[in-house]
Amino acid sequence: MTLEKRELYRFPWSKNDNPIAWLEITDICDLHCEGCYRQKLAGHKPLDEIKDEVRFFKRWRNPDNVSIAGGEPLLHPEILDIVAFIAEQGMKPIVLTNAENLTPSLLRDLKKAGLSGFTIHIDSHQHRPGWTGRSEAEHNELRGRYADMIAAEKGLLVIFNSTVYPSTHHEVPDVVRWAQENVRTVDGVVFITYRTLDTEASVGIDTHGREVEADRLSYTSESYDEVFVTGPEVYRIIKDEFSTYEPAGYLGGTERHDSYKWLAGAMIGSKHRMYGSIGKKTMEVAQAGHHLFCGTYLAYLARMGAPSLLFLLAPWDRAVRRALRNRLSDILRHPTRLFSRLRLQTVGIIQAPDIQPNGRADMCDSCPDMTVWNGTLINSCRMDEYRLYGGLLSMAERNAMQVPAHSGSTHERG
Ligand code: SF4
């Protein structure tokens, strides 16, 4: 039950060869999520600037897909042109959205423009009209509405993101269970652990070494004394309830050798039950194979190929062997299940940046969500430090120039 890095595949992604490019097309949004990291400062980006950024990514990032993010990207008046341009450039456009503005007719138009899929952010701390005070399990009804709407259009990928707060972490299994029960329409779930910076206890130090108040950032709180949830804790919560769940790959931290900033895996199952997970070897074959044959690494594992073919890797992959055994014994008990279609469903866990005793944040090593800022690649979760303070801040304890170990910035998409 304890995670071991040697049992996981370290994704081979880097700054210049990474499956994801993070394109921010607006900082306007119609919700006020507690974990949001973006201020409204500039509004919608002009189409020409967006096209330049897409060309930049193609040249410097080699992405498989472009995450069209914000703010709320569906509010951008030229969203269809943006999707079409990315697709024309040979990359897969994925919209990261809160889905408030998603309608069947917009969905049809997006698909026609070349959209590959959605990452939809839904959780219980978004202050959604009509949904406040409702649990994560109750929000599954909303998730289900969008999953069904997208499935009706056919061929589009859909992943559901949720921010995990100290007060909601025990509800993670409710979301995983719902996803598994709807494996035919849900390609994956991602859990992002909430972080905020306590401005009562901390001050920022800007790139010139000056003390600044960090409270202009949205990922700050006047005071915060709850204990943040970590990625390995989310792993354990899921594992306790779903014994066949295992992550297959990870990204570590830029500061710490022992952090798990990204944990990613995929489970094989059908509408009847989940049989098990893919392991390290299968993840390695998927990444190396995709790079060999398609020229890019792979972020959306649900598109890894026919799940039944993955069983061919059973001799080399212990986790796949276990899944195959479960599948075979299930068929022996229920022979008609031989004909039920297998699906691959991903489970991702992201631990947002954590401030370290040296005042710097432990970021995701080979950050997959880098965006463009002034002609260079930066971590998208901290772009507002560039926009508001001209560069990254380090943190110090107020009046003592020391850092509280529990502080960090937050990360929330869509
Ligand atoms: S943007 Fe931030 S949280 Fe997201 S992957 Fe990069 S470093 Fe990690």
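Length gained on full extension, Glu100 to Leu312: 72.2 nm, using 0.36 nm per residue less the C-alpha separation. In this label model, Arg210 and Lys15 are separated by 2.7 nm, measuring between points 7 Å along each Cα→Cβ vector. In a solvent-free Debye calculation with one equal scatterer on each Cα, what is log10 I(q)/I(0) for the chain at q = 0.07, 0.09, 0.10 Å⁻¹, listed in the order of the q values? Debye intensities relative to I(0), on a log10 scale: -0.31, -0.52, -0.65. The C-alpha atoms of the chain define a longest principal axis, and helix 172-181 lies at about 40 degrees to it. Note on Leu292 and Lys271: their simple-model spin labels are 3.6 nm apart, each label 7 Å out from Cα toward Cβ. Helix 136-153 and the long axis of the chain differ in direction by around 70°, with both axes built from C-alpha atoms.
Of the residues His290, His257, His170, the one that moves most in a GNM of the chain with alpha-carbon contacts below 10 Å is His257.
At an R0 of 25 angstrom, the distance between the Cβ atoms of Asp109 and Leu31 translates into a FRET efficiency of 0.65.
Of the residues Arg143, Arg61, Arg273, the one that moves most in a GNM of the chain with alpha-carbon contacts below 10 Å is Arg273. Note on the chain: GNM, Cα springs under 10 Å; of Lys92, Lys239, Lys154, the largest mean-square fluctuation is that of Lys154. Taken about its Cα centre, the chain carries a charge dipole of roughly 2260 debye when the Cβ of each Lys and Arg holds +1 and the Cβ of each Asp and Glu holds -1.
The Cα atoms of region 65-114 give a gyration tensor whose axes a ≥ b ≥ c have a/c of 1.5 or more with a/b no greater than b/c, which makes the shape oblate. Relative to the longest principal axis of the C-alpha atoms of the chain, give the angle of the C-alpha long axis of helix 280-294, reported between 0 and 90° and rounded to the nearest 10°. Once rounded, one gets 80 degrees. Reducing region 331-388 and region 1-53 to their Cα centroids gives an inter-centroid distance of 9 Å. The calculated FRET efficiency for the pair Arg398 and Arg337, based on their C-beta separation and a Förster distance of 51 Å, comes to about 0.25.
Every number here is computed from the coordinates shown, using simple stated rules; none is lab data. It should be emphasised that the depicted structure is a prediction, and the values quoted were computed from it without experimental measurement. Cβ atoms come from the backbone with ideal geometry, glycine included; neighbour counts cover every protein chain shown.
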